[in-house]
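K.L.:
Let me begin by handing over the structure; questions about it come next.
None of the figures in this text is laboratory data; all of them are computed from the coordinates on show. Small disclaimer: the values here were computed from a predicted structure and weren't measured. When we count neighbours, we look across all protein chains shown, and the Cβ atoms used for this are built from the backbone with ideal geometry, even at glycine.
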Amino acid sequence: MTTSARERPPSLEVRDLDKRFGSVQALSRASVQFRSGRMHALLGENGAGKSTLVKCVMGYYRADRGTILVDGTEREIRSPLQSRALGLGMVYQHFTLVSQMTVAENLILGRAHLPAVIDWRSEHRLLGEFMRGMAFRLDTGALVASLSAGEKQKLEILKQLYLGRRFLVLDEPTSVLTPDEADQVLGEMRTLVDRGMLTVVLITHKFREVMRFAQDVSVMRGGRVLLTTETAATSVDALAQLMFGGDTAVGAAPAMDRTRAPGDVYCEVRELNAQGDRGTLAVADATFALRKGEILAIAGVSGNGQRELVEVLAGQREATGGSIRVDGRPYARSRREMQRYGVFLLTEEPLLNDCVRSLSVMANLALRRYDQPPIAWHGWLRRRVLRQWAEALIARYRIHASSPLARIDTLSGGNVQRTVLARELSEDVRLLILQNPCFGLDAAAAAEIRAQIAAARDRGVAVLLVSEDLDEVLELSDRIAVMSGGRIVFECERANADRYELGRHMTRSADAQPEAA
Amino acid sequence: MTGAAGIGWYGVALAIVGGALRVSTPYLFVSLGEVLTEKSGRVNLGLEGTLLMGAMTGFAGATLTGSPWLGVLAAGAAGAAFGLLHAAICNLPRVNDIAVGIALFLFGIGLAFYLGKPFIAPRAAMLPALPLGAWSDEPAVRAALEISPLFLIGAALAVALQWGIANTRLGLLLRMAGESADAARALGRSVNAIRTLATTAGGFLAGVGGAFLSLYYPGNWNEGLSSGQGLMAIALVIFARWSPLRCLWASLLFGGASALGPALQTVGVTSGYYLYSAAPYLLTLVLLVYSSSTRHALSGAPSELSISR
Amino acid sequence: MRSTSGSAVDRTGLTGSAAAQPAHRASSWPVARVYVEPLEALVLSAGALAVALVLFGVFVALGGRNPLAVYSALYLGGFGTRFSIEGTLTQASPIILTALCTALPARVGLLVIGAEGALVIGGLCAVLVATAVATASPWVGTLAALLGGALAGALWIAAAGALKHWRGVNETIASLLLNYIAIALFNHLISGPVRDFSQTLKAQSWPVPDAFRIGSIPGWSVHWGLVIGVCICIILFVLIRHTTLGFSMNVLGGNRRAAQVAGLPIGRLVILACLMGGGAAGLAGAIEVLAVHGAASESLIVGFGYTGILVAFLARQNPLAIVPVALLVGGISASGGLLQRRFDMPDATTQVLQGLIFVCVLASNALAGRWRWFARSP
């Protein structure tokens, strides 16, 4: 379990990797060299092929063509077990921890050879010794479910180190961390690299992290590795040019009319309380107001009650206290009220949250309108009218589907979100609730959605944007609130916002009183 | 039974205790088996069919070989086969384990009666009993404290499983498969293999439970042998919050409840026989309502279990 | 709201944007795609049926009998002669209705298997109502008894639905428990309080007045209950496909979270589906009493409810498909007598075949959607 400081950590090279999924070429002659004992960033937007490349290396996919060399020797990696045996490890975006088991159990579970009967006393002792040598420390007896997102991420990394893996791939490790935590984790990784203990591949789309922590960087786009160089020898602009193919406008914020003053308060949430899935309080005394023509962005690290808050507003969860008022009147989230007050919603992973996979595109488009004329006539569903209406929307929003009758889960992710957009934004919207709407989409689709949101705001819609992407928050918002521990702990105007200050508020204890700036 | 009328309500209490010790055994075995299956993340509603198959096989085995213990083994093997079948089908993608359970429940009952027709006989070689009540002069006490060794085996098993789940490699793997299939896969473990093993073991235990019915109490093989014990074991597991040791206590409770009807008959309370027979089901339903909630998952439920989500 | 199975190993489909998104994903058979699903369902169900029959043949051969002879007896006993067809129709008539008890709640996402209990409760209540209005005119009496039975069954299953919606109790287990409770209650009542003591052969309830009995379709020895069942299936099919209520139910059954987002009255829809399903099963019980037995007795508890579950799954929860499937399964049940006489096979034989069919149908679900994989985006 201990790593010998004398041996060099592995180096890895991939040459001309090809990988195709159906009609999509995910990797196209991708070649890159990861030098031993260096921190190497793999930069690219969603869909560029970074994950696919790394998964081929780790053995989850088998590349159609190409070679992988570990420490100069060609290897065939056919399964994750083989990559692990070679000392390669990967830390994912979604945690692979068992939340109802303890830290100790999770750590030892990763071992290839476990004794038939587990002597917990000696295991705990050995784990304690291992922890002492590490920069981050965790209580081995704690239940993983009680750890924060940052601690879970650290545990994932510890697990790889405990298992003796010295070539680590970190897949967007900081997406669930505050800026300070992110700096801490990446700083630690860099220290271990400098000490000659690890080779790290950092998959990210954040330039800041690349320039600050990585020594080498490769840019990927469209399945190709466009460039590999040292970070000292390049600049953010050059990298951005490569990443977005010169279309730098795609990465930029949409134009918004910042001169208008916001209108009246349209929605007021006061001291909202809601229980989480495991019986704990997820939303605690949340209070905020939404004004017409203004975007209020609620920033926060994943797992602080944002999901539950949106679920309450959307009608998917019951509130246990507090009130929601729309247009001055109590809002019970019934269908009639949604139609009357013009409340609409866009979430991440629409197939899971607000679409019905087994129904057609046409039926999903009609979700808000199927019981109103002209589609409905006294309870009777007029399918012909429905079809014509759906075809018009499909054309207007350029949704690419083989037919309005095709099942919605045969569409690509971008088109599913476009369907939801068509459904939610084509009506008389007055209150728009958004939750990570661009999650998992490529830059072009994300830009399209952000432009629509900005346009809605300019039209006078009251917008609530709940987002875990601080960049998105800083781009789109008029006002920013920070949610931590289920409470709104901080509020400020966008003009006064400072990234690091927001980050500090994101980890503040839940007992502290909220501040306003 | 001499002296029963004179004993009166004391007799009822004794009968309930005796019933608890006796009737709880099939509940105990089936629920322990189901704990293993559910801890791995699957629900097996087909246990009623498995139970009957076990009863039939046990009876047939004992009849053919003359040894009740071989019959028990045969019953276990038949139960394991059914568990394996359940697991094999549920391992296929997009198959709903609850529906498969219902299908095997019906199939198992049909198969048990089909294959068991030639074996319908008053008795086969019976399992012995341990006369723990020999110290007493009263026949009622002696009757109540006659315990089957299977009960003792079951109780020991409950303790062993409780320890094993927390302290052995298999136990750790079992819990992992039931709490997070993704984590298990990411670690390179085969979730399907773990669940297959757990469901097969669960089936084995349910088969043994069935053998108890045909080879000890009531001790014959006919149409009305089981009456929902396999199903009630599911609720029992929920009530016991997936802990093998708590299953032991819960089984005793259910056994006592089942013995209520016959016990009351001994003091001459003969009306409402059917209503008393409904007692265990009603108890189960009440317990289920008590433990469930819309706000959160059942306490202690393995996260991958479909009935608790 | 992030998918809990956002697996580290495979993040497919949901986020779906692979590299180099093509501008337009055209399919070469746009029309064919629309019909793949029902066609696929039909082919899969037929395939499952064929596999089950083959397995049954093996099973029968192991028992020393000629499988081909058994198959022909199955056909003969179910559909070969006029007599056997009448037997099949008589068997099919209650299971058409009990299948609805599983199919309707399934459309809103519930797995209810309480048809057996609803049926017996319905039969019992039909007797009670018929006795209460014994002096009414024939039509009124029959109708009242039928409605009484349907209402009783409806409330029985609605109880399971209510427990699920307001208390989170698993509806499968609850409805199964309610089966046993209903049977116990039924047995208790027909052994005592509502017993007809002039019948010494077995425990039986008071008889239903002759004037209220349901007769046969002219020219056939099949009662009108069959027609009632078929009509109800047609009405429900139209409801599900062509009304806004049906659309709401489909949304709820497809994705509960989407139904919440759309503001649908979930509790009301769940209870309604359970009322309709339970009402159908209760009606089945009432019809069996009024048309076949004339009184409530243990002859009512023969497994119609459980057979209905199989029919619902084989018909993929579609009310219209339930009719032909019920005829098929009814044919199998009806041939039991012939199998017993000709091959000396116990009457559990047809149950074995039905169980095999059920298992094969469920396993066939694994193959659903395979054909479209090649055209699907990663």
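K.L.:
What does the highest-first list of A:169-179, A:448-458 look like by mean Cβ count within 10 Å?
P.N.:
Most protected by this proxy first, the peptides run A:169-179, A:448-458.
K.L.:
Answer with one residue from A:Leu192, A:Val489, A:Gly414: the one whose Cα lies farthest towards the positive end of the charge dipole of chain A, charges on Cβ with Lys, Arg +1 and Asp, Glu -1.
P.N.:
The residue sitting most towards the positive pole is A:Gly414.
K.L.:
Would you work out which of A:Gly315, A:Leu434, A:Trp389 lies farthest towards the positive end of the dipole of chain A? Charges go on Cβ: Lys and Arg +1, Asp and Glu -1.
P.N.:
A:Trp389
K.L.:
Still on this structure, I have one more. What is the order of A:Glu501, A:Glu209, fewest Cβ neighbours within 10 Å to most?
P.N.:
Ranked by crowding around the Cβ, least crowded first: A:Glu501, A:Glu209.
K.L.:
May I pose another question? Quick one: which of A:Lys55/A:Lys206; A:Lys50/A:Lys206; A:Lys152/A:Lys206; A:Lys206/A:Lys292 span more than 23 angstrom between C-alpha atoms?
P.N.:
Numbers: A:Lys55/A:Lys206 20 Å; A:Lys50/A:Lys206 14 Å; A:Lys152/A:Lys206 21 Å; A:Lys206/A:Lys292 32 Å.
Going by Cα-Cα distance, A:Lys206/A:Lys292 fall outside the 23 Å limit.
K.L.:
Next question. Only Lys, Arg, Asp and Glu count, each charged at its Cβ (+1, +1, -1, -1), so figure out the dipole size of the stretch B:135-201 about its Cα centre, rounded to 20 debye.
P.N.:
I would put it at about 540 debye.
K.L.:
About the Cα centre of the stretch A:145-241, what is the dipole size in debye to 20, counting +1 per Lys and Arg Cβ and -1 per Asp and Glu Cβ, all else neutral?
P.N.:
That gives a dipole near 300 debye.
K.L.:
Over the Cα atoms of the stretch A:25-131, each weighted equally, I'd like the Debye log10 I(q)/I(0) at q = 0.19 Å⁻¹, rounded to two decimals.
P.N.:
Once normalised to I(0) and log-transformed, intensities are -1.10.
K.L.:
Quick check: Cα centre of the stretch A:345-371 to Cα centre of the stretch A:253-300, how many Å?
P.N.:
Comparing the Cα centres of the stretch A:345-371 and the stretch A:253-300, I get a distance of 24 Å.
K.L.:
Using only DSSP helix segments of four residues or longer, with each worth -39500 (n - 2.57), what per-residue ellipticity at 222 nm results for chain B after dividing by its residue count and rounding to 500? Before the final figure, lay out the partial values.
P.N.:
Working: 15 runs with 216 residues, N = 309.
Result for chain B: -22500 deg cm²/dmol, rounded to the nearest 500.
K.L.:
Other chains near A:110-120: what is the mean number of their Cβ atoms within 10 Å of each residue's Cβ?
P.N.:
That works out to 3 on average.
K.L.:
Continuing with the same structure: Percent of Cα-Cα pairs per 10 Å bin, from 0 to the last occupied bin, for the stretch B:182-247, please list those.
P.N.:
Spelled out bin by bin, the stretch B:182-247 gives 17, 34, 31, 12, 5 percent.
K.L.:
Pull up the DSSP beta bridges for the stretch A:12-248 and report the antiparallel fraction as a percent, rounded to 5.
P.N.:
Given both bridge residues lie in the stretch A:12-248, the antiparallel proportion sits at roughly 55 percent.
K.L.:
Separate question: Helix B:169-179 against the longest principal axis of chain B: what's the angle in degrees, Cα atoms only, rounded to the nearest 10?
P.N.:
The answer is roughly 80 degrees.
K.L.:
Once amide H atoms are built 1.01 Å from N in the peptide plane, which residues 5 or more positions from C:Trp206, or in another chain, come under 5 Å H to H?
P.N.:
Amide H neighbours of C:Trp206: C:Asp196.
K.L.:
Same structure, new question: Top mean-square fluctuation among B:Ala158, B:Ala166, B:Ala55, Gaussian network model of chain B, C-alpha springs under 10 Å?
P.N.:
Among B:Ala158, B:Ala166, B:Ala55, the largest mean-square fluctuation in the Gaussian network model of chain B belongs to B:Ala166.
K.L.:
What order do you get for A:433-439, C:192-198 when each peptide is scored by the mean count of other beta carbon atoms within 10 Å, highest first?
P.N.:
A:433-439, C:192-198
K.L.:
Over the stretch C:223-324, calculate the relative contact order: mean separation of alpha carbon pairs under 8 Å at least 6 apart, over the residue count, as a percent.
P.N.:
Relative CO of the stretch C:223-324 lands at 34 percent.
K.L.:
So how do A:Met220, A:Met506 line up by other beta-carbon neighbours within 10 Å, fewest first?
P.N.:
Arranged by neighbour count, lowest to highest, A:Met220, A:Met506 become A:Met506, A:Met220.
K.L.:
Something else: With 10 angstrom as the radius, rank C:Lys164, A:Lys206 by how many other C-beta atoms surround their C-beta, starting from the fewest. Spell out each step's value before the answer.
P.N.:
Numbers: C:Lys164 25, A:Lys206 18.
Final ranking by Cβ density, sparse to dense: A:Lys206, C:Lys164.
K.L.:
Shifting gears a bit: So if I take the centroid of the Cα atoms in the stretch C:175-193 and the same for the stretch A:21-93, what is the distance between those two points in Å?
P.N.:
With the stretch C:175-193 and the stretch A:21-93 each reduced to a Cα centre, they are spaced 64 Å.
K.L.:
With just the Cα atoms defining each centre, how far is the stretch B:72-130 from the stretch A:133-159? Give it in Å.
P.N.:
Result: 45 Å between the Cα centres.
K.L.:
OK, next. Quick one: 3J(HN,Hα) in Hz for the stretch A:254-260, Karplus 6.51/-1.76/1.60 with θ = phi - 60°, rounded, Gly and Pro as x.
P.N.:
Values, residue by residue: x, 6, 10, 7, 7, 7, 6 Hz.
K.L.:
List the aspartates and glutamates whose alpha-carbon lies under 20 Å from that of B:Lys39, not counting same-chain residues fewer than 8 positions away?
P.N.:
Within reach: A:Glu105, A:Asp277, B:Glu48, B:Asp97, B:Glu179, B:Asp182, B:Glu304.
K.L.:
Can you list residues whose amide H is under 5 Å from C:Ile217's amide H, if they're 5+ apart or on another chain and H is modeled 1.01 Å from N?
P.N.:
For C:Ile217, the qualifying residues are C:Val222, C:His223, C:Trp224.
K.L.:
Further, regarding this structure: Report the relative contact order of chain B, percent, no decimals, based on alpha-carbon pairs under 8 angstrom and at least 6 residues apart.
P.N.:
Details: 595 pairs, mean separation 112.1, N = 309.
Answer for chain B is 36 percent.
K.L.:
Give the average, rounded to an integer, of partner chain Cβ atoms located within 10 angstrom of each Cβ in C:164-172.
P.N.:
Whole-number average of other-chain Cβ neighbours for C:164-172 is 6.
K.L.:
When we measure straight from the Cα of C:Lys164, which lysines land under 19 angstrom away, once same-chain ones fewer than 8 places off are left out?
P.N.:
List returned: none.
K.L.:
Could you grab the relative contact order for the stretch A:12-248? Cα pairs under 8 Å, six or more apart, rounded to a whole percent.
P.N.:
Relative contact order of the stretch A:12-248: 29 percent.
K.L.:
Another question, if that's okay. Which ³J(HN,Hα) values, rounded to whole Hz and listed in residue order, are derived for the stretch A:493-501 from phi using the Karplus coefficients 6.51, -1.76 and 1.60 in 6.51 cos²θ - 1.76 cosθ + 1.60 with θ = phi - 60°, glycine and proline given as x?
P.N.:
Values per residue, Gly and Pro as x: 7, 4, 4, 8, 6, 10, 3, 6, 5 Hz.
K.L.:
Lysines near A:Lys159 by alpha-carbon distance under 18 Å, same-chain residues fewer than 8 away left out - which ones?
P.N.:
List returned: none.
K.L.:
What does the C-alpha gyration tensor say about the overall shape of chain C? Classify as rounded when a/c is under 1.5, otherwise prolate if a/b is larger than b/c, or oblate.
P.N.:
Oblate is the answer for chain C, as a/c is 1.5 or above yet b/c matches or exceeds a/b.
K.L.:
Further question: Select from the stretch A:1-89 those trypsin sites (Lys or Arg not before Pro) which occupy a DSSP coil region and have at most 16 other Cβ atoms within 10 Å, ordered by residue number.
P.N.:
In loop regions of the stretch A:1-89 (DSSP not H, G, I, E or B), the sparsely surrounded trypsin sites (Lys or Arg not before Pro) are A:Arg6, A:Arg35, A:Arg62, A:Arg78.
K.L.:
Ranking request for peptides C:79-85, A:460-466, A:302-308: highest mean number of other beta-carbon atoms within 10 Å first, then the rest in descending order.
P.N.:
Packing order, densest peptide first, comes out as A:460-466, A:302-308, C:79-85.
K.L.:
Taking Rh as the Kirkwood radius computed over C-alpha pairs, what is the Stokes-Einstein D of the protein assembly as shown at 10 °C in a medium of viscosity 1.306 mPa s, expressed in µm² per second?
P.N.:
Value of D from the Cα-based Kirkwood radius: 48 µm²/s.
K.L.:
Give me the inter-chain shielding for A:17-30: mean count of other chain Cβ atoms within 10 Å, whole number please.
P.N.:
3
K.L.:
If you don't mind, another one. Please identify, among B:Ser293, B:Ser190, B:Ser277, the residue showing maximal mean-square fluctuation in a Gaussian network model of chain B using a 10 angstrom Cα cutoff.
P.N.:
Checking each option, the largest mean-square fluctuation is seen for B:Ser293.
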